[in-house]
Amino acid sequence: MAELILGQVLSFPGDPFRDGAQAARLDEAVLVEAGMIRAVGAAAALRAAYPQARVTDHGSALISAGFIDAHAHYPQTAIIASWGKRLIDWLNSYTFPEEMRFADPEYARALAARHLDLTLACGTTSVASYCTIHPASVEAYMTEAQARGQRVWAGKTCMDRNAPEGLRDTAQSAYDDSKALLAKWHGVDRLGYVITPRFSPTSSPDQLAALGALWTEHPDCLMQTHLSEQHDEIAWVRQLFPKARDYLDSYEAFGLLGPRGIYGHAIHLTPREKDRLRAVDASLIHCPTSNTFIGSGLFDMAGLQAAGHRIGLATDTGGGSSFSMLRTMAAAYEVAQLRGAALHPAQLWWLATVGSARALHAGHQIGNIAPGMEADLVAIDLASTPAIAQATARAGDIWQAIFPTIMLGDDRAVRAVWVAGQRRG
Ligand code: GUN
Ligand code: ZN
């Protein structure tokens, strides 16, 4: 049955990095049918046009496209907020021991369900997640996402060196397992397989070449990895790949640079790396709570946007310190402030929806509200706590009304979630 959802319906006909706040639009109602958005417009007009639709009135709540987390590690759900380390010792102390536990398919299934439930409660309807080296960890996430009707991307995280015994594959098994998982899951329902070398320090040149070959065979797949997150990591890559011109070249040389490449962090980039990433129209994923939590550095949003890069926003949990894309927007704002360039609330909201969708090459399906898009939606209460309510009460326009929720909001602001038109929270 069709559902007519009433509220302050926020959509982005334009790009706020180009067109400012004019890029956004507010309507009164959205009509959802058979998992899709059919119409957007004035409440009275849509009530008249769809008299049979069930009406759900969310009052002054903001109705937005569901948030899209463009880079997460679901296996790190349980180690979020682990104290006191930086990237390499954080991986060795917390991440690798936890990822070892995913050898048990039941544990993987439980954590996949937990991650999807926690993120849905935050209004996140799509995720691009790393898994572990275990094929069962991919099976678990795909199965749980499929059961919830979600559009997610996931892939087996490949590592054949500089990782502990029990958490290493080989060049051949990484290729074979990835290929089999891709054949089983890619394009099934709303699921996408992502070819996933963890990062060049944990893959041998042979493994990178094997995954580059797999990507050449399946160019419609996304390929995700990490790039230039911390200075120590970059120095390590220089040692491990003495012939590479820079960190990006350790991927590029093995066929792992392309338009469907998704590069997490991308903080400390050289001019050549920026030029190459821009030339191939690769995606950069900003993970601000992770970058402050692990102490990585300040992503150059203004510079990279001005140069025309394709940029998404992500939690990077459990390196990131929150499952919420609202908290992630707040951190993106603070990181941009430290670089001397304030992000407008329209730009922050766009990054968490349209920007991430475009970065994952799904901007025609999700991340915005328009007829023909998939009906992944959230209703956000703009006065969800006393602190937010008293700030919002002074607002003179919609962006002043939204900004306190961006800076102070969390899962308590999420009043309803729809996945493909179905209520999931
Ligand atoms: N670089 C390689 N692996 C990881 C990871 O799991 N998290 C983060 N933040 N960076 C990484
Ligand atoms: Zn990551």
Which whole-Hz ³J(HN,Hα) couplings does segment 303-316 yield from phi under the Karplus relation 6.51 cos²θ - 1.76 cosθ + 1.60, θ = phi - 60°, glycine and proline marked x?
-> x, 6, 5, 4, 7, x, 6, 8, 10, x, 10, 7, 7, 6
Arg415 long-range amide H proximity, modeled H, under 5 Å = Ala379, Ile380, Asp381
Contour excess over end-to-end distance, with Cα ends at Leu298 and Arg18 and 0.36 nm allotted per residue = 98.6 nm
Among Phe241, Phe67, what is the fewest-to-most ranking by other Cβ atoms within 10 Å?
-> Phe241, Phe67
So how do His73, His231, His218 line up by other beta-carbon neighbours within 10 Å, fewest first?
-> His231, His218, His73
Charge context of Ala43, other residues only, Cβ under 10 angstrom, K/R +1, D/E -1 = -2
Excluding residues fewer than 8 places away in the same chain, name every one of the lysines whose C-alpha is closer than 19 Å to that of Lys179.
-> Lys156
Cα centroids of segment 267-342 and segment 1-72: how far apart, whole angstrom?
-> 28 Å
What's the center-to-center distance, using Cα atoms, between segment 355-415 and segment 104-165 in Å?
-> 25 Å
The chain - charge dipole about Cα centre, Lys and Arg +1 at Cβ, Asp and Glu -1, debye rounded to 20 | 460 debye
Ranked on Cβ counts within 10 Å of their own Cβ, fewest leading, Ser384, Ser93 go Ser93, Ser384
Loop-located trypsin sites (Lys or Arg not before Pro) in segment 369-422, at most 11 other Cβ atoms within 10 Å (DSSP) | Arg394
So which lysines can Lys243 reach, going by Cα to Cα under 25 Å and dropping same-chain residues fewer than 8 places off?
-> Lys274
Beta bridges by DSSP in the chain, antiparallel share as percent, to the nearest 5 | 40 percent
Report the residues of segment 31-64 in range of a label on Ala393: point 7 Å along Cα→C-beta, backbone N strictly under 11 Å from it.
-> none
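Since every read-out is calculated from the coordinates, none of them should be taken as a lab result. Quick caveat, the model's predicted, so the values are computed rather than measured. For neighbour counting, all protein chains shown are included, and Cβ atoms are generated from backbone atoms with ideal geometry for every residue, glycine included.
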